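Values in this text are rule-based calculations from the coordinates and carry no lab data. Everything quoted here is computed from the prediction, not taken from an experiment. A quick note on method: Cβ atoms are made from the backbone with ideal geometry, for glycine too, and the neighbour counts reach across all protein chains shown.
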Amino acid sequence: MEILGLFIALALPWWVGMAWLGRFWKARPGAWPAWLGYGFFTGMLVTAGVMVLVDALGFALNFWVLAALLALLGAGGWRLQGAFPKGGRASLGTWERALFYLFLALLAFRLADLLLEVLWRPLYPWDAWMNWAPKAKVWAALKHLVPFVDRETWLRTEGAYTMENFFYPPFIPLVQTWVALGLGRFDDVLINLPWWQCAIALGCAFYGQLRYGGLGPLSSMAFTYLLLSMPFPDV
């Protein structure tokens, strides 16, 4: 069940986001990779919003209930969407095609390297360890989004928790909580898999947006490689 829950936690938000974004893309080059990339970010925002809403209504964060709600949202989006966004194929010369696939292979290698980094490195002992993941660990264990407050408020408030930077926004811990709920346990490594997905989605959205704006496929792929080869995806 862990593997099934993890797969659903990683795939379902992406599917939901794509379900509601297809209608906004015209049939132009770059439409489908842009749709794919933006779909991930939209789906994660929707997932976090559903979690906050369910908690605000006083219900526990049960993974399968949340997944069912998201599936209903996704099904509604696909039903209303109609046709898939499509883009035309650009013709490339022999050397351009070779360079295009070279950059694509380099991107695949880069993404494989990032995946191994996520899987092999424990939770980084820095801001993620001190201020982001602790919220997710508490929320996943209690299945409620209990508040984090300053120390003075914590001393006189029952049911609240505290940490140094309690005021950090909740989105990242909500994503980590979602994955932990899918797993059925908190895993310092696997809760970070959405950040690997984020790199894939960023590349798709960036490439698609460049193509959608009129840039050629080779130039778009080269700039996408330059974007994802920078060190910041490793953070």
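Data for the structure
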item: Correct choice for Cα Rg over 2.2 N^0.38 Å that was computed from the model, options [x] 1.05; [y] 1.22; [z] 1.14; result: [z]
item: Among T177, W25, L145 the positive-end extreme of the charge dipole of the chain (Cβ point charges); result: W25
item: Magnitude of the charge dipole, the chain, Cβ model with Lys/Arg +1 and Asp/Glu -1, debye to 20; result: 980 debye
item: Added length on full extension, which subtracts the Cα-Cα distance from 0.36 nm per residue, L80 to D127; result: 12.8 nm
item: Residue exposure sequence - R156, R28, R97 - by fewest surrounding Cβ within 10 Å; result: R156, R97, R28
item: Ranked list, fewest to most other Cβ atoms within 10 Å of each Cβ, for E158, E2; result: E158, E2
item: Mean Kyte hydropathy of 0.0 or more with a Cα span along the axis of at least 30 Å, helices from DSSP in the chain; result: 31-56, 94-120
item: Mean-position separation - Cα centroids, segment 177-203 and segment 1-59, in angstrom; result: 14 Å
item: Length released on extending from L102 to A71, taking residue separation times 0.36 nm less the Cα-Cα span; result: 7.4 nm
item: Helix-only mean residue ellipticity at 222 nm for the chain, each DSSP H run of n ≥ 4 adding -39500 (n - 2.57), per residue, nearest 500; result: -22000 deg cm²/dmol
